[in-house]
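*Asks:* Take a look at the following structure, please.
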Amino acid sequence: MKLPKTTEKMPYIEFCINKKGKLIKLLATDNWWGGINGEFHSSKGYRGNTCNPKDLDKYIKAYKLKRIKEIEKEIELLKVRLSDFKKNMSL
């Protein structure tokens, strides 16, 4: 994907990742989403973050690793809920 040109007024790169973990968009922006651990959620179902152009690869990798950990945690919580529900299945 082509890296957008940044300017003094729009010094950051915004990247958007869909639910499947695929990079779908890169934009120049003036918004800052709080560093490597920041992120935004779109009403269209994608998520992303912003960074300096030189840090783009590092930020995307950190973002994806963070999402993997979040999803793994969700799975573990669902396993516990399922187990609890099954235990209380008897009438």
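*Asks:* Can you pull out every residue in the range 3-36 that is of a type outside the set (Lys, Arg), farther than 17 Å from Lys69 by Cα and not in a loop (DSSP other than H, G, I, E, B)?
*Replies:* Listed by number, the residues that qualify are Tyr12, Ile13, Glu14, Phe15, Cys16, Leu23, Ile24, Leu26, Leu27, Ala28, Thr29.
*Asks:* Still on this structure, please answer the following. Restricting the range 37-53 to residues that are outside any strand (DSSP E or B) and among the small types (Gly, Ala, Ser), which is farthest from the chain's Cα centre (by Cα)?
*Replies:* Ser43
Residues are listed down the side, and each one gets a yes or a no for (1) surrounded by fewer than 10 Cβ atoms within 10 Å (Cβ to Cβ); (2) in contact with an Asp or Glu (Cβ under 7 Å, 6 or more places away or on another chain); (3) more than 30 Å from Lys2 (Cβ to Cβ); (4) of a type outside the set (Val, Ile, Thr):
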residue	(1), (2), (3), (4)
Gly34	no, no, no, yes
Lys54	yes, no, no, yes
Lys58	no, no, no, yes
Leu65	no, no, no, yes
Ile68	no, no, no, no
Lys73	no, no, yes, yes
Leu82	no, no, yes, yes
Lys86	yes, no, yes, yes
Ser90	yes, no, yes, yes
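*Asks:* A follow-up question, please. Checking the structure you have, find out if any residue of the range 7-23 is within 13 Å of the chain's Cα centre (by Cα), among the hydroxyl-bearing types (Ser, Thr, Tyr) and either surrounded by 14 or more Cβ atoms within 10 Å (Cβ to Cβ) or modelled with pLDDT of 95 or more (or both).
*Replies:* no
The values are calculated or read from the model by the stated rules, or taken from the named source; none is laboratory data. Everything numeric here is computed off the predicted structure, so don't read it as measured data. Every residue, glycine among them, receives a Cβ derived from its backbone with ideal geometry; neighbour counts consider all protein chains shown.
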